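Worksheet for the structure shown next.
The values are calculated or read from the model by the stated rules, or taken from the named source; none is laboratory data. Keep in mind it's a predicted model, so treat the numbers as computed, not measured. Neighbour counts are summed over all protein chains in view; Cβ atoms, including those assigned to glycine, are modelled from backbone coordinates with ideal geometry. Heads up: the accessible areas ignore ligands, DNA and RNA and are worked out on the full protein's heavy atoms, side chains in. Shrake-Rupley method; radii C 1.70, N 1.55, O 1.52, S 1.80 Å.
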Amino acid sequence: MQNAVEKNIEVAKVESTRPSTSQGQAVKASRINSGLSGVLDKFQSQATIERIDEGTTSTTEEEHDVAATNNELESILKVLNTRVDAYNLSVFQSKANPAGKLSLREIYLRGYSLFYAAIPDYAGAFDMFKESKSLPESKYFLGICYTYGYGTSTDFSKAKAYLLNAWNAGTFPGAMLELGRIYEFEKNMMEAFRYYLTAAALGQARACEKLAECYERGDVVYDLEEAQHWRIKADRLNFRGGP
């Protein structure tokens, strides 16, 4: 098990130091090497302790600790390798298009892939959305990024502007939902109610649920019948896989 882990570490170090067309990649690879070296040192220290104790009978607890350490190292290596791949992809997307070889749609789709990756690269996605911000879809995701601080700092003013632009450029019920959430967070329930109602009327399932909550609490109007109506609609939309 020890040899296999050491071999994986060495392979990961070689992979992370492959020639790069970007100075940023070289710096990143150096940082990853440092991290990998630390992991290797930790493993070698554990191996030294095991050699000192060689000849003695290991308890079940000690064997469990060694197995846990090995599993931890394998998990770390998997994460590091995944992050190296994600970083290389983000560098390619942001640096390898100097002549405009990628269309705005392709740039947006790459940002979308980074945003919803198994290990999301929100900073890389944010850069892609900024580069393709003339598209309604990118405006929407920029609004999301500024709302929740994905790849950038939270800024409700910018979030509102991008979400409204996305709405004006194309029908995005989700943009109305997010605007409602922002206004609800700011305790402006009249505006929140208005945006929830707009999104719910367009079939946004989560907006239907939020609207029902508003009716139940009496944020603007207290009406349990309306609340029930919108909850039923939300259930139907969720059952059909609505937006």
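Before moving on, here are some points about what is shown:
- Whole-number accessible area per residue in Å² for region 176-243, which is evaluated in the context of all protein chains at 1.4 Å: 55
- When a 1.4 Å probe is rolled over the protein heavy atoms, the share of accessible surface on region 138-228 that falls to carbon and sulfur comes to 50 percent.
- Using a simple spin-label model with pseudo-atoms 7 Å out from Cα toward Cβ, Asn71 and Tyr148 lie 3.0 nm apart.
- Global form of region 155-242, assessed from the alpha-carbon gyration tensor, a/c cut-off 1.5: oblate
- Spherically averaged projected area of the convex hull of Cα atoms, region 97-190: 6.3 nm².
- Links that overshoot a 21 Å alpha carbon limit, given the list Lys158/Lys233; Lys158/Lys210; Lys139/Lys160; Lys101/Lys133; Lys187/Lys233: Lys158/Lys233; Lys158/Lys210; Lys187/Lys233
- Cα gyration tensor shape of region 112-157, rounded if a/c is under 1.5, else prolate or oblate by comparing a/b with b/c: oblate
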